[in-house]
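Undergrad: The structure's right below; bear with me while I get my questions together.
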Amino acid sequence: MTNKVVVIGAYYTISKLYFSQGDYQNALIYLQKALKIAEEIKDRHEISSCYERIGNLFISMNKPEALDYLQKALKIQQELSETFSIATTTNRIGDFYLKQRDDEKALESYQKALKITEEIGRKVQ
């Protein structure tokens, strides 16, 4: 299983390279490969990470499916109590709404993310 997690990480890196070049199709291919392995090994953290990365990519591509992927990621993060990831994904949902010009929903998401982040900060101090 450890080797497969390393492969997932390599796919993430390759995807990031393609993304930085504006080659969203190849970036998506590598994220889908990572998701397939994460699902095979039933690693819910990595599945969530794949969903979030695909959602982020879809935001850049201006695809409405971005929200579906971000919500799938958020659901798993909530089940796993991954507070920092919940804040990050909630913020990205705000980015989705902002790109869709839904300022009200964007602000609502950003405020939720801020509240979670402030709560995390209070716990750390």
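The values are calculated or read from the model by the stated rules, or taken from the named source; none is laboratory data. Since the model is a prediction, treat every value here as computed from it, not as a measurement. We place every Cβ from the backbone using ideal geometry, glycine too, and count neighbours over all the protein chains shown. Heads up: the accessible areas ignore ligands, DNA and RNA and are worked out on the full protein's heavy atoms, side chains in. Shrake-Rupley method; radii C 1.70, N 1.55, O 1.52, S 1.80 Å.
Undergrad: State, as an integer percentage, the relative contact order of the chain based on alpha-carbon contacts under 8 Å between residues 6 or more apart.
TA: Answer for the chain is 16 percent.
Undergrad: Based only on the alpha carbon positions, what is the Kirkwood hydrodynamic radius of segment 1-111, in angstrom?
TA: Details: mean 1/r = 0.0710 Å⁻¹.
Its Kirkwood hydrodynamic radius stands at 14.1 Å.
Undergrad: If packing is taken as the mean number of other Cβ atoms within 10 Å per residue, what is the order of 92-98, 22-28, highest first?
TA: 92-98, 22-28
Undergrad: Using a ≥ b ≥ c from the Cα gyration tensor of segment 49-125 (square roots of the eigenvalues), is it rounded, prolate or oblate, where a/c under 1.5 gives rounded and otherwise the larger of a/b and b/c decides, a/b for prolate?
TA: oblate
Undergrad: Kindly flag which residue pairs out of K16/K115; K72/K105; K42/K75; K42/K99 have an alpha-carbon separation exceeding 21 Å in this structure.
TA: K16/K115; K42/K99
Undergrad: Determine, for each peptide in 53-61, 35-43, the mean count of other beta carbons within 10 angstrom over its residues, then list the peptides with the highest first.
TA: In decreasing order of mean packing, 53-61, 35-43 become 53-61, 35-43.
Undergrad: Right, here's the next one. Once the whole set of protein chains is in place, how much accessible area is left on E52, using a 1.4 Å probe, in Å² to the nearest 10?
TA: For E52, solvent-accessible area is about 30 Å².
Undergrad: Applying 1/(1 + (r/R0)^6) with R0 = 35 Å to the Cβ-Cβ distance of V7 and K112, what FRET efficiency is obtained, to the nearest 0.05?
TA: 0.55
Undergrad: May I pose another question? How much length, in nm to one decimal, is gained on full extension between T83 and D102, taken as 0.36 nm per residue of separation minus their Cα-Cα distance?
TA: Details: separation 19, 0.36 × 19 = 6.84 nm, distance 2.52 nm.
Here the segment from T83 to D102 would lengthen by 4.3 nm.
Undergrad: Need one value: the accessible area of T83 in square angstrom, 1.4 angstrom probe, rounded to the nearest 10.
TA: T83 exposes around 60 Å² with every protein chain in place.
Undergrad: Contact order normalised by length for segment 1-73, with contacts defined as Cα pairs under 8 Å and 6 or more residues apart; what percent is it?
TA: 25
Undergrad: For K4, list the aspartates and glutamates whose Cα falls under 13 Å from its own Cα; do not include residues on the same chain fewer than 8 positions away.
TA: Partners found: E39, E40, D43, E46.
Undergrad: Please state the relative contact order of segment 47-112 as a whole percent: Cα pairs under 8 Å, 6+ residues apart?
TA: Normalised by residue count, the contact order of segment 47-112 is 27 percent.
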